[in-house]
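These notes concern the structure reproduced below.
The values are calculated or read from the model by the stated rules, or taken from the named source; none is laboratory data. Computed from a prediction, not measured in an experiment: that's the story for all the values here. Methodologically, a virtual Cβ is constructed for each residue, glycine included, from the backbone with ideal geometry; neighbour enumeration extends over all protein chains shown.
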């Protein structure tokens, strides 16, 4: 695995906009960075695929463990959300995607940093934008990327099981979330599903009819929501989520997997797994060792503290941490001349489907990290 400096395509902004990536620059700084790429080997791609499939299988076992042993309190999950989780786990409603964040240098086994199983983004970049970049820049090379095709297949397979005549796609009125939700809506449409977009805050609850409705008071029977479950259960309509016939994608049991409390659960269950890092609900087992403190619930690297070499390497700000923290052994990201990549490994319909890479200058990947395409030969 190596990082290679290359020349961006002429008019690269226009090229990525043509495939839907409008969120390519933020604050005058390029978020999409094609002045470099990461080159992997076929063996390294195989290792990432194996690690992803293995980890996903272990995560599903960990969810069952949490449910069986009622570990919700340790994970800061409120009591009123528990019936939602257990009902969704038993009913097995549709689940489309998730993204592991892995530390990987191409030499040692990939290590799981966390699982963005509920509302992962950077999807269009990984599925489409970097694929078209590959066709323009290195058409003779390959890429670990069947994300788009697997999404189409997943929606086609789920189509007979969706409720109602329309699948709604809901997100915040935000450029990145809106772009991701719109892309997913397009893949569902290509699979022959009737779709509509709605802002999350325009979803209503009709008490008389006992159902969720859109702005025209039409029932919303199937909804893909790019909105965290931990936020949904605290919304004004949160008390009604367990009522009515609405089918939510991603399902409520993803509330367990997207919670960083799954990290110490995984370590307790599978301490010999080469892809896992030691993790605990309290700091004592890692006292004196290099470690990272992470909120149970957070986004974009907020409120993360990194202790290594007897000092604090990073202590990011943010508004998270109220529910508590977990403590995970520190796995330094590989350093390619001051660029530190995180592998985002995608799971589509329960199987590894490809990767996207984001890199930062610091030890914590945050919302200023840039997407860099990859290839393998």
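Which one is surrounded by the fewest Cβ atoms within 10 Å (Cβ to Cβ), of the residues in segment 27-40 that are closer than 29 Å to residue 173 by Cβ and touching a residue at least 40 places away in the same chain (Cβ under 8 Å)? For segment 27-40, the residue satisfying everything is 29.
Inspection of segment 95-115 finds no residue satisfying the criterion of being assigned to a helix (DSSP H, G or I), at pLDDT 95 or above and either at positive phi or surrounded by 17 or more Cβ atoms within 10 Å (Cβ to Cβ) (or both).
If I ask for residues that are in a loop (DSSP other than H, G, I, E, B) and touching a strand residue (DSSP E or B) at 6+ places or on another chain (Cβ under 8 Å), which ones from segment 1-28 would you list?
Going residue by residue through segment 1-28, those that are in a loop (DSSP other than H, G, I, E, B) are 1, 6-11, 19-24, 27-28.
Once the filter is applied, which keeps residues that are in a loop (DSSP other than H, G, I, E, B) and touching a strand residue (DSSP E or B) at 6+ places or on another chain (Cβ under 8 Å), segment 1-28 yields 1, 6, 21, 24.
Give just the number: which of (1) in a loop (DSSP other than H, G, I, E, B); (2) in contact (Cβ under 8 Å) with a residue 60 or more places away in the chain; (3) within 29 Å of residue 371 (Cβ to Cβ) does residue 153 not satisfy? That leaves (1) as the condition not met.
Restricted to segment 239-250, and to residues there that are surrounded by 15 or more Cβ atoms within 10 Å (Cβ to Cβ) and under 15 Å from residue 221 (Cβ atoms), the residue that is modelled with the lowest pLDDT is 244. Here the condition is being touching a strand residue (DSSP E or B) at 6+ places or on another chain (Cβ under 6 Å) and touching a residue at least 12 places away in the same chain (Cβ under 8 Å); of 165, 116, it holds for 116 alone. When segment 68-85 is limited to residues that are surrounded by fewer than 20 Cβ atoms within 10 Å (Cβ to Cβ) and in contact (Cβ under 8 Å) with a residue 24 or more places away in the chain, the one that is nearest to residue 223 (Cα to Cα) turns out to be 83. Looking only at residues in segment 219-238 that are in a loop (DSSP other than H, G, I, E, B) and touching a strand residue (DSSP E or B) at 6+ places or on another chain (Cβ under 9 Å), the one that is surrounded by the fewest Cβ atoms within 10 Å (Cβ to Cβ) is 236. Here is the figure for segment 239-284: residues that are in a loop (DSSP other than H, G, I, E, B) and without any contact (Cβ under 8 Å) to a residue 12 or more places away in the chain total 2.
Suppose the filter is crowded, with 17+ Cβ neighbours inside 10 Å and closer than 22 Å to residue 110 by Cβ; does residue 307 pass it?
Details: crowded, with 17+ Cβ neighbours inside 10 Å: yes; closer than 22 Å to residue 110 by Cβ: no.
Judged against the criteria, residue 307 is not a match.
Scanning segment 312-365 for residues that are touching a helix residue (DSSP H, G or I) at 6+ places or on another chain (Cβ under 7 Å) and over 26 Å from residue 376 (Cα atoms) yields 326, 327, 328, 329.
Scanning segment 350-368 for residues that are touching a strand residue (DSSP E or B) at 6+ places or on another chain (Cβ under 8 Å), in contact (Cβ under 8 Å) with a residue 60 or more places away in the chain and outside any strand (DSSP E or B) yields 364, 365, 366, 368. Here the strands (runs of 3 or more DSSP E) wholly within segment 158-208 that include at least 1 residues being surrounded by 18 or more Cβ atoms within 10 Å (Cβ to Cβ) and at pLDDT 95 or above are 167-171, 195-199.
Matching residues to (1) surrounded by fewer than 22 Cβ atoms within 10 Å (Cβ to Cβ); (2) touching a residue at least 24 places away in the same chain (Cβ under 8 Å); (3) within 16 Å of residue 112 (Cα to Cα):
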| position | (1), (2), (3) |
| --- | --- |
| 289 | yes, yes, no |
| 294 | no, yes, yes |
| 326 | no, yes, yes |
| 335 | yes, no, no |
| 339 | yes, yes, no |
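Taking segment 119-147 only, how many residues are surrounded by fewer than 20 Cβ atoms within 10 Å (Cβ to Cβ), assigned to a helix (DSSP H, G or I) and touching a residue at least 24 places away in the same chain (Cβ under 8 Å)? Going through segment 119-147 one residue at a time, the tally reaches 4.
The residue that is nearest to residue 351 (Cα to Cα), among those in segment 29-55 that are in a strand (DSSP E or B) and modelled with pLDDT of 95 or more, is 40.
Kindly establish whether residue 270 is at pLDDT 95 or above and either surrounded by 18 or more Cβ atoms within 10 Å (Cβ to Cβ) or over 30 Å from residue 45 (Cβ atoms) (or both).
Details: at pLDDT 95 or above: yes; either surrounded by 18 or more Cβ atoms within 10 Å (Cβ to Cβ) or over 30 Å from residue 45 (Cβ atoms) (or both): no.
No, not satisfied.
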